[in-house]
1. Can you pull out the GluC sites (Glu not before Pro) in segment 341-434 whose DSSP state is coil and whose Cβ has at most 15 other Cβ atoms within 10 Å?
2. I want to check the label-to-label distance for A531 and A336. Put each point 7 Å from Cα in the C-beta direction and report it in nm to one decimal.
3. Give me the net charge for the shell around R438: Cβ to Cβ below 12 angstrom, other residues only, Lys and Arg +1, Asp and Glu -1.
4. Which value, in Å² and to the nearest 10, is the accessible area of E210 when all protein chains are kept and the probe is 1.4 Å?
5. Taking the Cβ-Cβ separation of S435 and L351 as r and a Förster radius of 25 Å, what is the calculated FRET efficiency to the nearest 0.05?
6. At 0.36 nm per residue, minus the direct Cα-Cα distance, what do R155 and F221 gain on full extension? Give it in nm, one decimal, please.
7. Translational diffusion coefficient, Stokes-Einstein: compute it for segment 385-460 using the Kirkwood radius over C-alpha pairs as Rh, at 25 °C and 0.890 mPa s, and state it as an integer in µm² s⁻¹.
8. Taking a ≥ b ≥ c as the square roots of the eigenvalues of the Cα gyration tensor of segment 90-169, is the shape rounded (a/c under 1.5), prolate (a/b larger than b/c) or oblate?
Amino acid sequence: MYLKRNGRLKDGKEHFYWNIVESKRCAGGKIVQRQVLYLGEINDSQREAWCRVIDAFDEGIQGTQQLALFPAERAVPKHAKHHAVQVRLDAMQLHRPRQWGACWLACTLYEQLALDRFWAARLPNSREGTCWRHILQTLVCYRLIDPGSEWRLHRQWFERSAMADLLGEDYSLVEKNALYRCLDKLLPHKLAFFDHLRQRWQDLFGVKFEVLLYDLTSTYFESSPPDNEEDKRRYGYSRDKRSDCVQVVIALIVTPEGFPLAYEVLPGNTADSTTLRAFLQKIETQYGKAQRIWIMDRGIPTEKVLEEMRQADPPISYLVGTPKGRLTKLERALLALPWQTAREGVDVKLLPQDGELYVFAQSRMRIHKERAMRQRQLKRLVKRLGQIQQMKFASTRAMLMKLGEARGRYRAAWRLLDVNLPPANAKQGAAFFFSLNRQKLRVARRREGRYLLRTNLCEREPTQLWQFYMLLVEVKALAPGLTSRAVLDKMAEVQMLDVHFPTTDGRTLILSRYTELPSEQKMLLQQLNLALPAQPLPRITATGGTAGSGKSVM
């Protein structure tokens, strides 16, 4: 848009009328002018005020100045001589497309959680000027948007994102050693950080922390065993079936909504049953005494710890799974009890005993699912054993190795078969035989889709107890159709790029701009009650130089 003057001779005197005009390029290269605003007769000072100017950072003077932009093929008006820049529109270039939308949304969330204020007081800049809080914010946004290693952040992701634009930083922010050193600076503030997040989340959503889910997992390392005795990498029970690798155990406590309240990284040879007592004390120390319900899987609590939970003041409630051996012990008493409907598709039997309540639950959906899994595995095992029977082996040992492989692959189905193996010293050509153990199959069918739970919540409804335990399988989903991941992915489509306009005096005008948001992104921001920031300030280079940055104005 620009000012256009129209002249008219009236009463022997020439009058000039001014309009703000926009040029639109149409099909066939035709340019049509659209009148945006009629100004009428204006004086010189008014004309200069209406002249379109921008504030730009000038590399030559190391400061901002006002510029009036004109195309190179158009003469500069006299009133704009002092701040006019002629740009070559035909030589426009686009540079450095980078992901902006998800980065901006992640930074907005970071600020809404008050993490910028929390870490500003705890991560001061180093004497060399390293801005640790911006490094941390970059790490957090990276893990939220596109999780990966620190090396990948240093080598690829940062330059493909607009984090530098949003934080006013440059590539020195993600020097690889600084990324790892920043993580070491966080550990002393771990407890304060959890307190801050819990309080902030409680303020935002009014949530309570009466139900806690506790579980453990492990992660392994394909590395040599460490020489340092304090290193937590150890051989132990591997949930990943990688007993050949050292590992660490990760213990985590979360709420039903998925909010983490505490975690610990434990040595890889830590037994699950030795961890609960310490976490009970940890939660009580950090969040105070309260009537909480702990939901755990079997193998975590011991009888001694459960007794301590019942005797605590106030009593600590629990709902845990039980080992299969306890189901066998109580099976006769449970068979005599009637089924009660807990909810559609779920039936329970309740057995009070010694101040506790045993809940024997069955889910029809789980019965069908587990039965189909068992039938599929048993069918594949029988087929494989039939194939092995048709093979010719040079020794009995070779045949036993094939059988061992089948047993390892179909372990659950193997328990339902009676396999008669030849002795190890049998002659060549010795065969094996197998048959279905129908008694074991009947026991397996009775237990498919059924769980025996144990609790001291004797007054709770069976429906509620079942729902509590199912939280271990799937953390509650408040908006299954629109997840935070879907919102980030949608906003990640918004890009930022640099538009370069060469000027007639040998400089380059650079406009960093995020792309126009489509309607669905605009609707998302409206629902999130968020407003986009202003576009960044244009930059103009010194002759042959590079540009700085700032904020845009009109």
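The values are calculated or read from the model by the stated rules, or taken from the named source; none is laboratory data. Note that the coordinates shown come from a computational prediction; the quantities given were computed from them, not determined experimentally. Ideal geometry is used to build each Cβ from the backbone, glycine not excepted, and the neighbour counts take in all protein chains shown. Side chains are part of the model used for accessible areas, which takes the heavy atoms of the whole protein and leaves out ligands, DNA and RNA. Shrake-Rupley method; radii C 1.70, N 1.55, O 1.52, S 1.80 Å.
1. Filter output for segment 341-434: E344.
2. In this crude label model, A531 to A336 measures out at 7.3 nm.
3. Taking every other residue near R438 into account, the sum is +2.
4. The accessible area of E210 comes to roughly 100 Å².
5. Efficiency at R0 = 25 Å is approximately 0.10.
6. Net length gain for the segment: 21.5 nm.
7. 162
8. prolate
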